[in-house]
Amino acid sequence: MEVTDVNNVKIYNLSCGKTFPDWLPDRKKRQLLKKEPSLKRRIELIQDFEMPQLCNTINLSSNGEYIFACGVYKPTMRCYDLNNLSMKFERCFDSEIIKCKPLSDDYTKLVFMFCDRYVEFHSQSGRYYRLRIPKFGRDLDYHPPNCDLFFVGDTSDIIRLNLEKGQFLNPYQGSSTSFNCCKVNPFHHLLVCGSTDGQVEAWDPRIRERVGSLDCALSALTVDPQGIPAIRSIAFKDGVNLAVGTETGLVLLYDLRANKPYYTKDHMYGLPIKSVVFHQEWVISMDSKVVKIWDRETGKPFTSVQSQYDLNDLCLVPETGMFFLACENQKIQSFFIPSMGPAPKWCSFLDSIVEELEEDQDDAIYDDYKFVTTKDLEEIGLNHLIGTNLLRSYMHGFFIDHRLYNKAKATSNPFAYERYKKKKIAEAMEAASGDRVKLQPKLPKVNQELAKKLYDLELSGDGSRKAKQTVALLKDERFKSLFENEDFQIEQDD
């Protein structure tokens, strides 16, 4: 787990850290767990949550219990059971998957759109039916009341396939040359399609007619006059609030009752907005480089998430602070932001882990610093740094960087290493001669403690001038009375 702080918001990356290779045997994995502490501390939220090479799309079922991830190579779809935090099944295909859409609340009914114009319907037992649509598709969505499946792509027609009758119906005739995305509003079931001409067209499936359109290109040109921007993504918050992502990196927020956006957000990267999601009072927009989370009313940035790999798709777990990112990497990125909401019920243990990390964080703030007092600073000649940014006041002293402290200490006392070296040599020689019989010197009756201290200093071999003068007291006749006459006895408690 990696913790980052962007705009004073804690972001927990749950997919970072070391992993075991697939070919590694279980015995070797257990041995590595004992040796590597970083492997013990890692969090594997969902087991085998990855693709063979990279992930293109990621979806969440309506009941919030299954995740569907599609990627290459080979073209693969993997279904993950969130209650068991593991992969439920895997299915491989002949061509690359462009879009995946669950038709039921769980994993029992799925539809896949491929890059070669084929569409496959799957049940829980496997592939149920396969057909081909008239044009190459780019997006699809399902309208449950009429059982209509809509396809948009490299054509001005919006293709309709009725799943109850099992046949194609007359398509909707759009005014644009082609469409990139489509979305059915879950509140009033209005079909909204984004075109390559910068137009958003709305269709009512009840009367099978176009009921309105928005000219997003005109609003986007006032901000970035680089050509007509195509519409790449669409999202609904409720029945009236609509978010539109453009090819030039703009996010336009609309009220369907007005023909102009009430707010325009620029990602400043000039990259297509691949996904837009509403979450409470925030908008989550994603391009291939960054995920930005910002306030829906004011546009004030809340936080952002960057990845070292190009991003392809975004999947948010509703009413929580967790989301998944499909990217150009084997691992599917998992992020948790406690400020956005609690952890999902299937991984509620994350809340307690985050609380423990918050409590233990203060202990690791000064790992690279050393605590010193004012006296210590005077000894190494750094007392003139008091009041600067190089010293951080704390209680009765200061915190100083280890590197600066060691450098100053070596400069102020250049012979410290030589004394340390002699001390270590003496300790090693004493340890080597530890089994020998030691002759205890005969101590005088007067001032025994002083005499013992002088004997120990003589045995230590300290060659300093002060030490030689001190040891000379034992042999100098002028100080003989110090160890014989009781009048010279040193009173320790006086």
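The values are calculated or read from the model by the stated rules, or taken from the named source; none is laboratory data. The model shown is predicted, which means the values in this text are computed figures rather than measured ones. When we count neighbours, we look across all protein chains shown, and the Cβ atoms used for this are built from the backbone with ideal geometry, even at glycine.
Listed values, structure above:
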{"read-out": "Matching entry among Met286, Met322 (being hydrophobic (A, V, I, L, M, F, W, C), in contact with a helix residue (DSSP H, G or I) (Cβ under 9 Å, 6 or more places away or on another chain) and crowded, with 20+ Cβ neighbours inside 10 Å)", "value": "Met322"}
{"read-out": "Residue check, Glu247 in contact with a Lys or Arg (Cβ under 8 Å, 6 or more places away or on another chain), without any contact (Cβ under 8 Å) to a residue 40 or more places away in the chain, farther than 24 Å from Asn312 by Cα and surrounded by 16 or more Cβ atoms within 10 Å (Cβ to Cβ)", "value": "no"}
{"read-out": "Hey, Leu191 of a type outside the set (Gly, Ala, Ser) and either within 31 Å of the chain's Cα centre (by Cα) or more than 22 Å from Val277 (Cβ to Cβ) (or both) or not", "value": "no"}
{"read-out": "The one condition in (1) at pLDDT 90 or above; (2) closer than 24 Å to Cys55 by Cβ that Cys347 fails to fulfil", "value": "(1)"}
{"read-out": "Condition met for Pro272 (surrounded by 13 or more Cβ atoms within 10 Å (Cβ to Cβ) and touching a His at 6+ places or on another chain (Cβ under 7 Å))", "value": "no"}
{"read-out": "Only listed residue being closer than 21 Å to Cys181 by Cβ, surrounded by fewer than 17 Cβ atoms within 10 Å (Cβ to Cβ) and among the polar types (S, T, N, Q), chosen from Ser104, Ser86, Ser62", "value": "Ser62"}
{"read-out": "Condition broken by Asp141, with the remaining ones in (1) of a type outside the set (A, V, I, L, M, F, W, C); (2) touching a residue at least 40 places away in the same chain (Cβ under 8 Å); (3) more than 26 Å from Arg206 (Cβ to Cβ) satisfied", "value": "(3)"}
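Quick grid of which residues meet (1) surrounded by fewer than 19 Cβ atoms within 10 Å (Cβ to Cβ); (2) closer than 24 Å to Ala258 by Cβ; (3) not assigned by TED's automatic domain parsing to the domain that holds Thr264:
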site: His122; (1), (2), (3): no, no, no
site: Gly166; (1), (2), (3): yes, no, no
site: Ser178; (1), (2), (3): yes, no, no
site: Cys193; (1), (2), (3): no, yes, no
site: Arg208; (1), (2), (3): yes, no, no
site: Gly212; (1), (2), (3): yes, yes, no
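Residue-wise test of (1) at pLDDT 80 or above; (2) under 49 Å from the mean Cα position of the chain (by Cα).
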{"site": "Ala410", "(1), (2)": "no, yes"}
{"site": "Asn413", "(1), (2)": "no, yes"}
{"site": "Ile425", "(1), (2)": "yes, no"}
{"site": "Ala428", "(1), (2)": "yes, no"}
{"site": "Ala432", "(1), (2)": "no, no"}
{"site": "Glu491", "(1), (2)": "no, no"}
